[in-house]
Amino acid sequence: MPGEPAAFMSYVRFNDQHDDGLLTQFRERLGTEVRAQTGEEFAIFQDRNDIAWGQNWQQRIDEALDAVTLLLVIITPSLFRSPACRAEVKRFLEREQALGRADLILPVYYIGAREMDDPGLREADELAQVLGSRQYADWRELRFEPFTSPLVRKAIAVLASRMRDTFWQKPAAPARPARPAQAARSSAGSEGQAGTAGQVTAKTEPPTRVVDAYQRGDFTTVSAAINAAKPGDRILVRPGLYEEGLVVGRGQAAGDPRRRPSFRHRDPGARR
């Protein structure tokens, strides 16, 4: 497993101190949950624990940011007033671009911030734009629940699954050679199709993006799923309370059904 530590937690110390070390406990439980789901060690770098007394803390953080694979951003009002946190996110954005990735920053919305909730302020703040464009885990209410709560434990497991799937991506399976009989049938079928140039294209189902208010899907809000959806995607909304305004078809040609995401709402009585 390349890169130690495997993740870096960008946060403001005051928030951890104010909540009696809850962010430190969150980091520890999240790291062990990733290990439970993968069987592999998964260290999450935190400056208060990983910087020895007397060591150059800025140099140590810079070295960690160069080595880590994921950036866990704890969103609070203090985050937007911290030049150090802004620099950490900027450094990691550059790392994403160099790797050709856009999924290595995982925000956790911990305390409500105007920069995130006010569209005007979010548009004027580069950091808020970046964090608002990513799928974040909403911990604004879970923050007041004990770690022994089933809801909190499930939310940690969901976030750990995202980190697992991002870090341990399965390699693409090599194409299996066709058997002689299958090759003959494919060749015969393709000859009867005009304009195919001898190729047979398999029909694939469009991807489905799951919205679940209890963090058991890909998104916790319908608007986040709409923003992430591509033309032809399906959006499955599980039962729950979603208090938000929606703009469907933003940036799409009016009357063009091919560019609108389709929606399905699961019956509350259906088995999951």
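Where a number appears in this text, it was derived from the coordinates with a stated rule and is not lab data. Please read all numbers here as calculations on a predicted model, not as lab measurements. Cβ placement follows ideal geometry from the backbone for every residue including glycine, while neighbour counts extend to all protein chains displayed.
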Once you have the Cα-Cα distance between residue 36 and residue 144, take 0.36 nm times their residue separation minus that, and quote the gain in nm to one decimal. 36.4 nm
Points 7 angstrom from Cα along the Cβ direction at residue 87 and residue 246: gap in nanometres? 4.4
Give me the distance in nm between label points sitting 7 Å out from Cα along the Cα-to-Cβ direction at residue 154 and residue 99, one decimal. 3.0
Near residue 38, within a Cβ-to-Cβ distance under 12 Å, what is the net charge of the other residues, with Lys and Arg +1 and Asp and Glu -1? -2
Honestly the stretch 67-159 on the Cα gyration tensor test (a ≥ b ≥ c root eigenvalues; a/c under 1.5 rounded, otherwise a/b vs b/c for prolate or oblate) is just oblate
Simple SL model, points at 7 angstrom along Cα→Cβ for residue 28 and residue 13; separation in nm is 1.9
